[in-house]
Amino acid sequence: MFNRNDPIDVLIYSSPKGGGNTYQQLLIKNGYKTWYTHNKYFFKNPGPICQNTGIELEDYIKLQINYRKNNPKLKKLKILGSWREIIEQQISSFFQNYRSWHIPLKLDFVKNTNDFDINNVYKYINYFNNYYLSCDEDPNNFFELFTDIKLSSFIKKAGYFILETSDIDFYITKFRDIGNIGYILSNIMNDKNFLNSGVMSFNSSTNKPYKKIYDLFIDKYYLPKYVYNFLSTKCKFLNFLLNRNELCKYLHKWRLKIDTDKSLMIKNDYFILQNDTNKGYEKYINNDTYCLSKRFNNLPDNYFCLLYPDKHILLKEFLPNYVVNKINDNCFKNLINNERIFLNIDIINKSDFYKHDTHMNLKGTLKLFKRFINMINETVIDKITVSLQESELKVEQKNPVGWYCYGDLLWNINIDQNKIQNMKFENEVVYSAPMENIYTNKYGKIINYYTLFSIIDKLSLREIIIDKDDEVNWTIISENILRNINKNSDNNKKVLIYYDSYTCSLIPILFKTFKECVMIKEVFTYNHTIIKTFQPDLIFDLSILRFNID
C-alpha cells in the first residue's frame, strides 16, 4: 500500500518487462521498503493500470530526500533501473498484454492462452513487427526527471552500474543478468542475505501461461532491417551497457534474423512490396524530403506521362506503424495544372489492386488509362477513343497461389514460404481483355492473332525471330522492343510507349486502340536514335510512381 509519508529504502524506477517487479519482490522479501514505478505518469495518474498516488513523482522523491535530512540514521535513497534490450522487452510485453491486441489483429479470439494458434506463429510475429514494435528507447526511466545525468557518468561495478550523488545513488542493472539477482543485490545493498536468493518462481519465464507460443515466437522471429540499423548505430543504452564482446554477439544474433523478404503482409491479409531494389517505398513514404524526378523537365512536345499510384498509398490505414502514413503533398505541387503528367489517386480504390500481388488489376489500370487519354484529348485535335470499356472485361475468380501473374508477392523468391504455409487464400477477381494476351503467352499464338507483331532488339533495332513455342516472358519484353501494327484501327496515331509491369495487362488494349504501338519496357529518357527511328506521333510514359521519386 502506497504511503507518501513512509520512507523507503529503494525506488525501482524501471520500464515494464525489464525485471523491476522481480527486484521489488526480492527486496521486500528481505525486509527492504521498496516502491516500484514505471514512469512519472504511471506513478501519479488514476486508472486501472496506473498507481494513482495523488502526488508528482518529483515531489515524492523530494520527500524521500527530506526524510533523510531530518533523520540522519536513514541511509541514502537508492533509485534502481533495470534495463532490458528493446526487442526482448517488447516481445515480452506483447505476450503479457495479448488481450489488448487480439481484436485489432482479427485472429481467432484469444481470450486465454490456450487459444493461441500454434501453427500460425508467423502472423503474431508479423503483427508485432508492424503494429507493436518500436525502435525508440523508452525515455520513461529516471533520466526523464534527472535530465542532468549522463549515461557516461555511470561507473561499472560487479553486475551493475552506479552513479553516486549527494542525495541519491542511482543504479542500472541489466535484465540479461537477472539470474544473478541475489549476487547483484548483495553488492548494491551490502547485504549477504541476498546471496542465497534467486529469481522467485512466480516471476520465472518457465511459469508464464503462454510459454509454448512465446518460445516458438522467439525461435522463428525475424527482425525488420530498420530496427537492426537502430540497434547497431543509435541505441545508446545498448552501446554503453554491453561490453564489446556482448555487443558483437548481440548484433550478430539479430543480423542473422533480418527480414530480407520483398513481400510484407499487413492488416486484413493484404501484401505489399517492402524491399524492392528501387527503394521507392523508403523514398516517398519514409522520407519527407523526396521530390518527383527531374526528368520531367524539358520534355518533348508530344510527351505525356501516366503515373500509376503505388499500392501503399491506397492502403495507408493498414501500413505498419513505423511507416509515416501520409504522402508528402509537396511532391505533387508541380503536377497541378500540368497538361503532360496525369496522377489521380482519388479515382481508384482497394478493389483496383490485387490483394496478393504488387500490381493493379486491369480494371484499375484501364480506368486510369482512360482518364489519362481524356487529359490528352484536351490538348490534341484528333481525339483518341480507347477500344475497350470496363464492362467488356473478362472476369474470373482465381487463387493467387501458384498463379504467375496474380500473386507475385507470394512467390518463393519474394517471401519465406514458412510465413504463409498455414494461411488460407481465397480466390481473387482477375480481369483480362477479351483478346490474345502478350506477356507470358506463346509467340506463335501472339503472331497468329496480331499478324503484324514483331520483336525488335533494343541495341541493333533489328527484328528478331523466336521459336513459336517460346514464351514472351519477362526477359523477352525487358531486353527487347515490342511493336505492333493494327491496320483496322480508326486511330492513325503511332505511339511510342515506355512502360513497366503495371502496363503488361494493358498491352492488348493498346494494340487495339492505336494504328501502331512501339513499346519499350523502361523508364523514359530522351533517346534521339529511338525517336528518329520510329518517329512517333505521341510518346507515352506509363510508369509507377515509385520509379519517379528522387
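Which count do you get for residues in region 443-469 that are more than 19 Å from Asn486 (Cβ to Cβ) and among the aliphatic types (A, V, I, L, M)?
5
Restricting attention to region 128-170, which residues are aliphatic (A, V, I, L, M) and either more than 28 Å from the chain's Cα centre (by Cα) or in a helix (DSSP H, G or I) (or both)?
Leu145, Ile149, Leu151, Ile155, Ala158, Ile162, Leu163, Ile168
Mind counting the residues in region 52-94 that are under 39 Å from the mean Cα position of the chain (by Cα) and part of a helix (DSSP H, G or I)?
Going through region 52-94 one residue at a time, the tally reaches 11.
Looking at (1) touching an Asp or Glu at 6+ places or on another chain (Cβ under 9 Å); (2) surrounded by 14 or more Cβ atoms within 10 Å (Cβ to Cβ); (3) within 30 Å of Lys123 (Cα to Cα), find the lone condition where Trp411 falls short.
Every listed condition holds for Trp411 apart from (1).
Can you tell me which residue in region 254-269 is modelled with the highest pLDDT, limited to those that are assigned to a strand (DSSP E or B) and touching a Pro at 6+ places or on another chain (Cβ under 9 Å)?
Ile258
Go through the residues of region 385-403 one by one and say whether even a single one is of a type in the set (Phe, Trp, Tyr) and touching a residue at least 40 places away in the same chain (Cβ under 8 Å).
Checked against the condition, which is being of a type in the set (Phe, Trp, Tyr) and touching a residue at least 40 places away in the same chain (Cβ under 8 Å), region 385-403 yields no hits at all.
Only one of these conditions is not met by Asn71: (1) surrounded by fewer than 20 Cβ atoms within 10 Å (Cβ to Cβ); (2) in contact with a strand residue (DSSP E or B) (Cβ under 9 Å, 6 or more places away or on another chain). Which number is it?
(2)
Are any residues in region 337-393 of a type in the set (Ser, Thr, Tyr) and surrounded by fewer than 18 Cβ atoms within 10 Å (Cβ to Cβ), and if so, which ones?
The answer is Ser351, Thr379, Thr385, Ser391.
Can you tell me which residue in region 426-455 is nearest to Glu516 (Cα to Cα), limited to those that are touching a helix residue (DSSP H, G or I) at 6+ places or on another chain (Cβ under 7 Å) and part of a loop (DSSP other than H, G, I, E, B)?
It comes out as Tyr450.
How many residues does region 399-425 hold that are in contact with a strand residue (DSSP E or B) (Cβ under 6 Å, 6 or more places away or on another chain) and part of a loop (DSSP other than H, G, I, E, B)?
Residues in region 399-425 being in contact with a strand residue (DSSP E or B) (Cβ under 6 Å, 6 or more places away or on another chain) and part of a loop (DSSP other than H, G, I, E, B): 4 in total.
For region 339-359, which positions are assigned to a strand (DSSP E or B) and either more than 20 Å from the chain's Cα centre (by Cα) or of a type in the set (Asp, Glu) (or both)?
Hits for region 339-359 are Ile341, Phe342.
Could you please let me know if Val386 is out of contact with any strand residue (DSSP E or B) (no Cβ under 7 Å at 6 or more places or on another chain), outside the structural domain of Tyr127 (by TED's automatic domain parsing) and among the β-branched types (Val, Ile, Thr)?
yes
Looking only at region 27-53, count every residue that is touching a residue at least 24 places away in the same chain (Cβ under 8 Å) and of a type outside the set (D, E, K, R) and tell me the total.
Summing the residues that are touching a residue at least 24 places away in the same chain (Cβ under 8 Å) and of a type outside the set (D, E, K, R) in region 27-53 gives 13.
Does Leu545 satisfy being over 19 Å from Glu436 (Cα atoms), at pLDDT below 95 and in contact with a Pro (Cβ under 6 Å, 6 or more places away or on another chain)?
On the way: over 19 Å from Glu436 (Cα atoms): yes; at pLDDT below 95: yes; in contact with a Pro (Cβ under 6 Å, 6 or more places away or on another chain): yes.
For Leu545, the condition - over 19 Å from Glu436 (Cα atoms), at pLDDT below 95 and in contact with a Pro (Cβ under 6 Å, 6 or more places away or on another chain) - is met.
Limited to region 252-271, what total is found for residues that are surrounded by 16 or more Cβ atoms within 10 Å (Cβ to Cβ) and under 22 Å from Lys174 (Cβ atoms)?
Counting residues in region 252-271 that are surrounded by 16 or more Cβ atoms within 10 Å (Cβ to Cβ) and under 22 Å from Lys174 (Cβ atoms) gives 1.
Can you confirm whether Thr379 is assigned by TED's automatic domain parsing to the domain that holds Leu307, at pLDDT 95 or above and of a type in the set (Ser, Thr, Tyr)?
So Thr379 does not fit the description; no.
Does Ser166 qualify as being exposed (fewer than 12 other Cβ atoms within 10 Å of the Cβ), on the phi < 0 side of the Ramachandran plot, out of contact with any strand residue (DSSP E or B) (no Cβ under 7 Å at 6 or more places or on another chain) and touching a residue at least 60 places away in the same chain (Cβ under 8 Å)?
No.
Among the listed residues Gln64, Gln24, which satisfies the condition of being buried (at least 18 other Cβ atoms within 10 Å of the Cβ) and without any contact (Cβ under 8 Å) to a residue 24 or more places away in the chain?
The match here is Gln24.
Can you give me the number of residues within region 95-127 that are buried (at least 20 other Cβ atoms within 10 Å of the Cβ), of a type in the set (A, V, I, L, M, F, W, C) and either more than 20 Å from the chain's Cα centre (by Cα) or modelled with pLDDT of 90 or more (or both)?
Summing the residues that are buried (at least 20 other Cβ atoms within 10 Å of the Cβ), of a type in the set (A, V, I, L, M, F, W, C) and either more than 20 Å from the chain's Cα centre (by Cα) or modelled with pLDDT of 90 or more (or both) in region 95-127 gives 3.
The values are calculated or read from the model by the stated rules, or taken from the named source; none is laboratory data. All values derive from a computational prediction rather than experimental measurement. With ideal geometry, Cβ positions are generated from the backbone for all residues, glycine too; neighbour counts draw on all protein chains shown.
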